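Each value in this text was obtained by applying a stated rule to the coordinates, not by laboratory testing. As the structure is a prediction and not an experimental result, all values here were calculated from the model. Cβ: placed from backbone, ideal geometry, glycine included. Neighbour counts: every protein chain shown.
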Amino acid sequence: MSEGIYLDNNATTKIDSDALNAMMSYFTEGYGNASSLQHRAGRTASHAIDGAREKIAEILNCEHRELIFTSGATESINMVLKGVFEMYKTKGNHIITISTEHKAVLMTCYSLEKMGAEITYLPVDADGKIDLNLLENSIREDTIMVCTMASNNETGVLHPITDIAEICEQKNTLLFCDATQYIGKHALDLSSVSIDILCFSAHKFHGPKGIGGVFFRKKTRSIGIPSLIIGGDQEHGHRAGTYNVPAIVGMAVALQNSVNSQTQVESLRNYFEQQIEAHIPDIHINGRNTLRISNTSNIIFKYTRAADIMQHTPQIAVSSGSACVTGSKDPSHVLKAMGLSDEDAFSTLRFSLSKYNDKEQIDRAIALLTTSVSSIRSRSPIYKLYQDGLIL
Ligand code: PLP
């Protein structure tokens, strides 16, 4: 199977080879059930989970008891939002989130609204940034939680999570951070940022799919969030279901290996942007004026439909919008929230790089994109009008 040039790493990533190796023996030999502590096979699996939990806790600088393993970020988000809403009913029903959140957050918020929650969706500016004063002023007596992503999956725009955490702490409101696109790409020291709850997902940092976790700061344990998945008493009753030992082991190794490669990824992303600007006219990099995650580049190709570019360059795996909304006929809600016209939103591609990309691939991708964009535009009356200054 030819991989082509894979630039869709915010959708998912290739498994890290060390992670894959570490996982293999838990399929073939250490396949015991980690809850069957009566025999050695079970204890071996259980120790593997303990080791992985300690490794992840060390990387995030938290306590291993503060981590709960889940099937990924979508489950974690459902668990936290629904759980906090349920447990905090006596304090209030108001949750604050951001209009550019991932669908896993937005759809869960919509479902909570039907159950009586009041949700404030904070707007963003043209760069995808929120107004911290507006956030502070939106927190009320009955606000039970602020839910914000650390970095946006489409644009890579970073929210000032340390400042947000300080505001939430001062206002005595829980902060839940969807760090799915952040963990594994940037280092995070949980001992120095007062995030109360945070989620992550292994397949975004070269770990296996279907595994992730939630960090619950010890002091928030008292909330006693009800388990979304009920059954056995794995994870001290917080998340039932037989442990996926190979995946948990793989996630820890992948996390350990991923953070160190980010400087290399960032220089490659900067090289990509420099090259694309040098070769293709009339493009705009969304979120460029603000801090962005190291691997992402979200680009408008003026009056050149993203779907057409993708069709003309099948060698490149790239994305228009987020993978979870592919197939949708609507423009990206993230780009619309940043004030883009439908035309610009439909002419935008997301490039997301990883440690498995190199300069040779980027050069090839730029050459392919230059040819296809120029060929599409040469047959486009609307692009001609734009070039002639007759439309904006
Ligand atoms: N949150 C963000 C910011 C994401 O980018 C994604 C996946 O694209 C998710 C949540 C959902 O993650 P998962 O695939 O682990 O359910």
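Distance cut-off 20 Å, Cα to Cα: go down the list Lys14/Lys204; Lys129/Lys209; Lys82/Lys171; Lys209/Lys336 and report the pairs above it.
Working: Lys14/Lys204 9 Å; Lys129/Lys209 30 Å; Lys82/Lys171 22 Å; Lys209/Lys336 29 Å.
The answer is Lys129/Lys209; Lys82/Lys171; Lys209/Lys336.
Take each complete run of DSSP H in the chain, measure how far its Cα atoms stretch along the helix's own axis, and keep only those covering 27 Å or more with mean Kyte-Doolittle hydropathy at least -1.0; list them. Walk me through the intermediate numbers first.
Values: long enough: 40-60 (30 Å, -0.34); 359-378 (28 Å, 0.04).
For the chain, where a helix must reach 27 Å along its axis and average at least -1.0, the hits are 40-60, 359-378.
Per DSSP helix of 4 or more residues, -39500 (n - 2.57); summed, then divided by the residues of the chain. What does that give at 222 nm, rounded to the nearest 500? Let's see the in-between values first.
Working: 13 runs with 153 residues, N = 392.
That calculation yields -12000 deg cm²/dmol at 222 nm.
Explain nothing, just compute: Karplus ³J(HN,Hα) = 6.51 cos²θ - 1.76 cosθ + 1.60, θ = phi - 60°, for every residue of segment 116-122 in order, whole Hz, x for Gly and Pro.
Residue by residue, segment 116-122 yields x, 6, 10, 10, 9, 9, 6 Hz.
Pull out a ≥ b ≥ c, the square roots of the eigenvalues of the alpha-carbon gyration tensor of segment 140-289, then state rounded if a/c is under 1.5, prolate if not and a/b is larger than b/c, and oblate in the remaining case.
Values: a/c = 2.53, a/b = 1.42, b/c = 1.78.
Taking the square roots of the gyration eigenvalues as a ≥ b ≥ c, segment 140-289 is oblate.
Under a cut-off of 18 Å between alpha-carbon atoms, report the aspartates and glutamates in cross-link reach of Lys355, not counting same-chain residues fewer than 8 places apart.
In chain and number order, the partners are Glu3, Asp8, Asp16, Asp18, Glu266, Glu273, Asp363.
Can you tell me the length gained on complete extension of the stretch Ala240 to Ser191, counting 0.36 nm per residue apart and subtracting the Cα distance?
On the way: separation 49, 0.36 × 49 = 17.64 nm, distance 2.78 nm.
14.9 nm is the gain from fully extending Ala240 to Ser191.
Could you tell me the relative contact order of segment 302-392? Use alpha-carbon pairs under 8 Å, at least six residues apart, and round to a whole percent.
Details: 68 pairs, mean separation 37.2, N = 91.
RCO, segment 302-392: 41 percent.
Can you list the residues, at least 5 places off or on another chain, whose amide H is less than 5 Å from the amide H of Leu122, using H built in the peptide plane?
Distant-sequence amide H within range of Leu122: Thr97, Ile98, Ser99.
Give the percent of DSSP beta bridges with both residues in the chain that are antiparallel, rounded to the nearest 5.
50
Using only the Cα atoms of segment 68-190, build the gyration tensor, take square roots of its eigenvalues as a ≥ b ≥ c, and label the shape rounded, prolate or oblate: rounded if a/c is under 1.5, else prolate if a/b is larger than b/c, else oblate. Spell out each step's value before the answer.
Values: a/c = 1.45, a/b = 1.16, b/c = 1.24.
It is rounded, given that a/c, with a ≥ b ≥ c, falls under 1.5.
Between Tyr31 and Glu169, what FRET efficiency comes out of the Förster formula 1/(1 + (r/R0)^6) with R0 = 45 Å and r the beta carbon distance, rounded to 0.05? Numbers along the way, then the final one.
Values: r = 44 Å, r/R0 = 0.98.
Approximately 0.55, to the nearest 0.05.
Take the Cα of Leu385, step 7 Å along the line toward its Cβ, and report every residue of segment 268-286 whose backbone nitrogen sits under 18 Å from that point.
none
How would you classify the chain from its alpha-carbon gyration tensor, with a ≥ b ≥ c the square roots of the eigenvalues: rounded for a/c under 1.5, else prolate if a/b is greater than b/c, otherwise oblate?
Working: a/c = 2.24, a/b = 1.36, b/c = 1.65.
In terms of gyration-tensor shape, oblate.
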